[in-house]
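Working notes, beginning with the structure itself.
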Amino acid sequence: MESTNTTQGNAAQSLRTSASEALIPHLFRMEFTKIAAVLCKLFGIDHIEVAEDIAGETFLAALETWPYKGVPPNPTAWLYAIAKNKTKNYLHRNQIYTGKVMPRLKQESNEQSLTGEPVEPEIDLSEKNITDSQLQMLFAVCHPTLPTEAQICLALRILCGFGIDEIANAFLSNKETINKRLFRAKEKLRSERKPIGFPPAAEIGQRLETVLLTLYLLYNEGYYSESQDAVLREDLCQEAMRLTYQLIQNESTNRPEVNALFSLMCFHASRFPARKDENGEIVLYADQDEALWDQTLIAKGAYHLHQASQGNTLSKYHLEASIAWWHTIKTDSKEKWENILQLYNRLLQIAYSPIAALNRTYALSKANGKQEAIVAAEQLKLTDNPYYYTLLGELYRDIDKGKVLSHLKTALTLARTKTDRKLIQRKLDSLEK
Amino acid sequence: MDEYILIFRHEDGTKVASPEQIQVWMKQTMDWIGGIAAQNKFSHGNGLPFDGAKVVHHKGIVTNGPFGEIKETIGGYIVVKAESVDEAVEFAKGSPVLQGDGNTVEVRKIMKGGDGVH
């Protein structure tokens, strides 16, 4: 299975660079997710690997043909035809399927098969079935019984079409670990024997919570990832946005909290062009050139935040999106920071996190002054958190240079990532000038 | 970690403050609760509006209350998580309610369910 994944990655890459400049970007990745979802739905969650393999082999077939004969006029239709054939062949030659899957297919395809003739499986690659299958897979993959990181891995593999190498790169991990994680996750799904389908209407809200959390973490993985591959990181964010948007397009999942999450993602994504300088170094919010912020995404975020405010739901995504909206206004004002402070006050009541506590304290310093914020910060006692000390360093600036230095030095010893160490060092250097 | 309820007692609930003053208290209360939540020590809480309040007395007599002979009222409560009553008391000290002369915050430990003590 692994070899297929790797070859597929290479196939996609070499095609991108050689024979077919005309191919739309990420075509294979995109089509992989569609074919895999439809086939998973057809075969059942037990046979997830078969679906992956058939999808992967479909692109190998393209690699064997297109460079020599040219890209077909409708590449997608070509791929679907191949995928259908491969699936039919697989079903015919595989004994297990004749025993297990076929009877179910027979049942589902009405009573046409009373004659006892083998039924041709309906491999429905229509737009509607693709979207439905993808959404149902999203619910299957984001199952509360799976550890969150396994959910993210599976989502990246099945729903975003990422190769094992790409997932390993995004998580700063290695192929073996990711393969093991995926293997265990699939075993777990198999043992749970959950059918792929929409949860019953009464359960959607609760199941949606897990789905949204996974998409939120997938997005964060891209936004804050340490991976050097900037393109890959933005891809993760875009995939998370694409999947969230699919939920919005479906009537039963187009809920306020989904719109709120999408809005949050838009606001953050609007700063992508401004977050890195020409050397790939991170540019902090305060130093960003706001002319580079993507106003279209900001407007889109505002639209969905408005959609999110219908009804009585107030999720953490609503609060985080509102905070992110205030951050789309660069100019400091009393009003801005007072609003951000109150939003953090609410957020911490419904979803505590150390980073929200630290951000709240920063907002407190902007709204109520540094003295009050220093007292509040020292109560947090997040003494193993490097950001706790960078915050204290920030709060003592212009008040006590000795404290600034000692806090920043502590932060430096606690910092977990290269980027963070670099940023703290930069601050220390500017102080010692 | 235990839970403690902080009950806000107003010395005179009939006094009505100016909208401006209420707004100041509002912000202070939100910041106070936010500060406790930022330490991950906030559990939940609520205000108890005076409007429509009733007091049920002995023998089923119902009065519009809580005001009567006694003016003292309960304005609300929050439940916090704390290692000790002293920590809960430290939280209580920050309550903006205490800016009112005569107001108090009562701190009471909440009995954990199922420990067999009644």
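The values are calculated or read from the model by the stated rules, or taken from the named source; none is laboratory data. Small disclaimer: the values here were computed from a predicted structure and weren't measured. Virtual Cβ from ideal backbone geometry, glycine too; neighbours counted across all protein chains shown.
Flag not set for residue A:200, criterion: in contact with a Leu (Cβ under 7 Å, 6 or more places away or on another chain) and surrounded by fewer than 16 Cβ atoms within 10 Å (Cβ to Cβ). You will find that of A:383, A:413, the residue that is away from chain B (no Cβ under 11 Å), more than 30 Å from residue A:272 (Cα to Cα), without any contact (Cβ under 8 Å) to a residue 40 or more places away in the chain and within 33 Å of the chain's Cα centre (by Cα) is A:383 and no other.
Just one of A:345, A:339, A:359 is facing chain B (nearest Cβ under 9 Å) and modelled with pLDDT of 95 or more; which is it? Among A:345, A:339, A:359, only A:345 is facing chain B (nearest Cβ under 9 Å) and modelled with pLDDT of 95 or more. Taking the range A:316-333 as the range and being buried (at least 21 other Cβ atoms within 10 Å of the Cβ) and not in a helix (DSSP H, G or I) as the test, no residue passes. Of all the listed residues (A:149, A:192), the sole one being free of Cβ contacts under 8 Å to residues at least 40 places away in the same chain and out of contact with any Leu (no Cβ under 8 Å at 6 or more places or on another chain) is A:149. Candidates are the residues of the range A:366-377 that are out of contact with any Leu (no Cβ under 6 Å at 6 or more places or on another chain) and away from every other protein chain (no Cβ under 11 Å); the one that is surrounded by the most Cβ atoms within 10 Å (Cβ to Cβ) is A:366. Note on the range A:201-304: enclosed helices (runs of 4 or more DSSP H) holding 1 or more residues that are closer than 17 Å to residue A:419 by Cα and more than 13 Å from the chain's Cα centre (by Cα) are A:230-249, A:272-275. Is it true that some residue in the range B:18-28 is within 13 Å of chain A (Cβ to nearest Cβ) and modelled with pLDDT of 85 or more? Within the range B:18-28 (the criterion being within 13 Å of chain A (Cβ to nearest Cβ) and modelled with pLDDT of 85 or more), the answer is yes, since at least one residue qualifies.
Residue count for the range A:362-380 under the criterion of being of a type in the set (Ser, Thr, Tyr) and more than 28 Å from the chain's Cα centre (by Cα): the result is 1.
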